[in-house]
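Throughout, read-outs are computed from the coordinates displayed, never taken from laboratory work. Since we're looking at a predicted model, the values are computed, not measured. Neighbour counts run over all protein chains shown; Cβ positions are idealised from the backbone, glycine included.
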Amino acid sequence: MSDSAEIQPTGPVRGSVRPPGSKSITNRALICAALAQGRSTLRGALESDDTEVMIDGLRRLGLDVVIDSADCRIEVAGCGGRIPAQEATMFVGNSGTTVRFLTAMLTLGHGRYVLDGTPRMRERPIGDLVDGLNRLGASVRALGPNGCPPVEVLAQGLPGGVADVRGDVSSQFLSGLLMAAPYAMQPVELRVAGQLVSQPYVHMTLAVMNSFGVSVDAGDLSRFTIDNAHGYRGRDYAIEPDASAASYFFGAAAVTGGDVTVEGLSADALQGDVALVDVLERMGCLVERKTGAIRVVGRPLIGVEVDMNPISDTVQTLAAVALFAKGPTTITGVAHIRHKETDRIGAVVTELRKLGAEVEERADGLKITPPVAPESLHGCALDTYDDHRMAMSLSLVGLRVPAVWINDPGCTRKTYPRYFEDLEKLAATGRA
C-alpha cells in the first residue's frame with residue numbers, strides 16, 4: 001500500500017458489509033484452543049498482523065496451527081495444558097492481546113521464554129500483569145524500564161492461589177490471568193482492585209472460556225474463582241465479525257446520511273463495541289437491530305456527552321462522527337486508552353485540530369465542538385501513529401471533507417488488511 005491514501009468525498013452511502021472476524025475473539029479462542037485437549041476449528045477467524053504474531057508465538061511453543069486463508073479457518077491441535085517447548089523467544093509486534101495473553105499462558109510451561117515487540121510495545125506497561133502472575137507463584141520479569149517489555153518468563157508451572165489485580169489499567173491483564181488459570185496447580189481467585197475498565201471484554205473472555213468448557217464464578221466482576229479440575233476441550237467454534245471494525249461503517253452511514261447494514265452482528269453479540277450504535281441512535285441516527293445484522297441510517301446529528309469506558313475502542317470513531325454534529329460531544333471515562341497503540345486521546349486531539357476543529361483535551365477524554373458549518377473544515381494529511389484505529393476512524397472525515405489524506409494506511413494490517421478496499425466499495429455507492 002502507498003505511503004498515503006486520499007479519501008474521496010461521497011454522498012449518502014448505501015449497502016451491506018461484513019467485516020472480517022473479531023481480533024479480540026480470535027486471539028482469545030487461539031489461547032483456549034491451544035491449551036485445550038483435542039483439536040479445534042476456528043471458523044470466520046481473522047487473518048491480520050495481530051493474529052499472525054499470536055499464531056507465530058504458538059508455533060514457536062511447539063503447537064500445530066494450520067491456517068486456511070481462503071476459508072477463514074484455523075485448525076489448532078491443543079496441548080492439554082502442557083506446553084511442548086522449554087525455550088522460546090517470541091516477537092509480538094505491537095499486539096497487546098498477544099503479549100498479555102501469551103505471558104500468562106507461558107507460566108504454565110517449564111522453561112525460559114522471552115517476549116519482545118516493536119518500539120511502541122516497549123513503551124506499553126505490563127507490570128500489573130507481571131505482578132499478578134508473580135502473586136500466583138510465577139516467576140515473570142518485565143525487562144524494560146517502567147515495567148514494560150521485553151518480558152521474561154521462567155516457568156515451572158503456575159502454582160495458583162489468590163491475587164489482587166488492578167482494574168483501571170487494562171482488562172487484558174485480567175483476561176490473560178483468567179484464561180491461564182484453569183491449568184494452575186491449585187484453584188485461582190482473582191480480586192479486582194478499583195474500577196474495572198472495558199468490562200465487555202471481560203465478559204467476552206468468560207464467554208469464550210465457557211464455549212471451550214471452562215466456567216468461571218464471576219459474580220459482579222470484582223472477584224473471580226477458577227477451578228483447576230477441568231481444562232478446555234477442543235471444539236468447532238464460530239467467530240463473529242469484528243464489532244470495532246464495524247463501527248467505521250456505522251460511522252460512514254452517520255457522517256454521510258447514508259444507510260448501511262453490517263451483516264453477522266446482532267445487538268447481543270459477544271463484543272461490547274456493538275453498543276456504539278446506541279450512541280449513534282442518541283445522536284439522531286435510525287438504528288435497526290435484526291437477527292444477524294444491524295442497520296444504521298444517518299440523520300441530522302446532535303452532540304452528546306457519553307462515558308465510553310465500556311466501548312473505548314470506538315472512541316476515535318465517535319470523535320470523527322462528532323465533527324458533523326450540531327453542538328459539542330464530550331467523551332469521558334477513557335484515560336486508559338493513552339496506553340494503547342498510541343496515546344489515543346492526545347493523537348485524536350492533534351489530528352482533529354489539523355482539520356480546523358475545536359477540541360479540548362482532558363485527562364480521561366476530550367470535548368469536540370464542531371464548526372457551525374462543516375464546510376469550514378479543511379482537508380490535510382492526517383497522521384496515524386502506526387495505529388490502525390487512527391487510520392480507519394480518520395478516513396470517515398474524508399467522506400465529507402475534500403483533500404483528506406491518510407498517512408501510512410497500511411497500518412490497518414494490524415486488524416483489517418482490506419479496510420480501505422471495503423470502504424471504497426461502500427463510498428462508491430454514494431457517488432453513483
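For Lys425, give me every one of the lysines with a C-alpha distance below 26 angstrom, ignoring sequence neighbours fewer than eight places off in its own chain.
Lys23, Lys290, Lys414
May I ask you to evaluate 6.51 cos²θ - 1.76 cosθ + 1.60, the Karplus curve with θ = phi - 60°, for each residue of the stretch 304-310 and list the ³J(HN,Hα) values in order in whole Hz, giving x for glycine and proline?
Once θ is set to phi - 60°, the couplings for the stretch 304-310 become 9, 10, 8, 7, 9, 3, x Hz.
So what's the net charge close to Asp71: Lys and Arg +1, Asp and Glu -1, counting the other residues with Cβ under 12 Å from its Cβ?
Local charge sum for Asp71: -1.
Going by alpha carbons, how many degrees (0 to 90, nearest 10) lie between the helix axis of 243-256 and the longest principal axis of the chain?
With rounding to tens, the tilt is 0 degrees.
If you add up the charges near Arg39, with Lys and Arg at +1 and Asp and Glu at -1, over every other residue whose beta carbon is less than 10 angstrom from its beta carbon, what do you get?
Residues near Arg39 contribute -2 overall.
I'd like to know which of Gln8, Gln186, Ala391 lies farthest towards the positive end of the charge dipole of the chain, counting +1 on Cβ of Lys and Arg and -1 on Cβ of Asp and Glu.
Value computed over the given set: Gln186.
In debye, nearest 20: dipole of the stretch 23-225 around its Cα centre with unit charges on the Cβ of K, R (+) and D, E (-)?
Details: 18 positive and 20 negative charges, 46 e Å.
Dipole magnitude for the stretch 23-225 comes out near 220 debye.
Add -39500 (n - 2.57) for each DSSP H run of 4 or more in the chain, then divide by its residues: what number comes out at 222 nm, to the nearest 500 deg cm²/dmol?
Numbers: 12 runs with 127 residues, N = 432.
For the chain, the value works out to -9000 deg cm²/dmol.
Can you sort Asp50, Asp273, Asp236, Asp68 so the residue with the fewest Cβ neighbours within 10 Å comes first?
On the way: Asp50 24, Asp273 27, Asp236 10, Asp68 13.
Listing Asp50, Asp273, Asp236, Asp68 from fewest to most nearby Cβ atoms yields Asp236, Asp68, Asp50, Asp273.
List every residue whose amide H lies under 5 Å from the amide H of Leu143, counting only residues 5 or more places away in sequence or on a different chain, with H placed 1.01 Å from N in the peptide plane.
Val151, Glu152
Would you order His388, His230, His339 from fewest to most other beta-carbon atoms within 10 Å of each residue's own beta-carbon?
Details: His388 28, His230 11, His339 15.
Starting with the residue having the fewest Cβ neighbours, the order is His230, His339, His388.
Report ³J(HN,Hα) in whole Hz for each residue of the stretch 364-378, in order, from the Karplus equation J = 6.51 cos²θ - 1.76 cosθ + 1.60 where θ = phi - 60°; Gly and Pro get x.
10, x, 7, 10, 10, 10, x, x, 4, 10, x, 4, 6, 5, 10
Suppose the chain between Glu375 and Arg353 were pulled fully straight at 0.36 nm per residue; how much longer would it get relative to their current alpha carbon spacing? Present the calculation step by step, with values, prior to reporting the outcome.
On the way: separation 22, 0.36 × 22 = 7.92 nm, distance 1.48 nm.
Fully extending the segment from Glu375 to Arg353 adds 6.4 nm.
Using only Cα positions of the stretch 23-225, each an equal point scatterer, no hydration layer, compute I(q)/I(0) via Debye at q = 0.15, 0.17, 0.19 Å⁻¹ and quote the log10 values to two decimals.
Log10 I(q)/I(0), no solvent term: -0.86, -1.14, -1.47.
Provide the convex hull volume over Cα atoms per residue for the chain, in Å³.
Value for the chain: 122 Å³ per residue.
With everything on Cα atoms, drop me the angle between helix 23-35 and the longest principal axis of the chain, reported from 0 to 90° to the nearest 10.
10
If each residue's Cβ is checked for other Cβ atoms within 10 Å, how do Tyr113, Tyr248 rank with the fewest at the top?
Values: Tyr113 26, Tyr248 29.
Ranked by crowding around the Cβ, least crowded first: Tyr113, Tyr248.
Please list 3J(HN,Hα) in residue order for the stretch 94-107, calculated via the Karplus relation 6.51 cos²θ - 1.76 cosθ + 1.60 where θ = phi - 60°; whole Hz, with x for glycine and proline.
Working through the residues one at a time gives 10, 8, x, 4, 5, 5, 6, 5, 5, 4, 5, 4, 5, 5 Hz.
Tilt of helix 49-60 relative to the longest C-alpha principal axis of the chain, in degrees (0 to 90, nearest 10)?
Once rounded, the angle reads 10 degrees.
If you place +1 on the Cβ of every Lys and Arg and -1 on the Cβ of every Asp and Glu, how big does the dipole about the Cα centre of the chain come out, in debye to the nearest 20? Write out the running numbers ahead of the final one.
Numbers: 42 positive and 51 negative charges, 71 e Å.
Dipole of the chain, to the nearest 20 debye: 340 debye.
Give the percent of DSSP beta bridges with both residues in the chain that are antiparallel, rounded to the nearest 5.
65
Okay, which of the stretch 12-26 sit inside 12 Å, backbone N to the point 7 Å along the Cα-Cβ direction of Ala293?
The answer is 15-18, whose backbone nitrogens lie closer than 12 Å to the label point.
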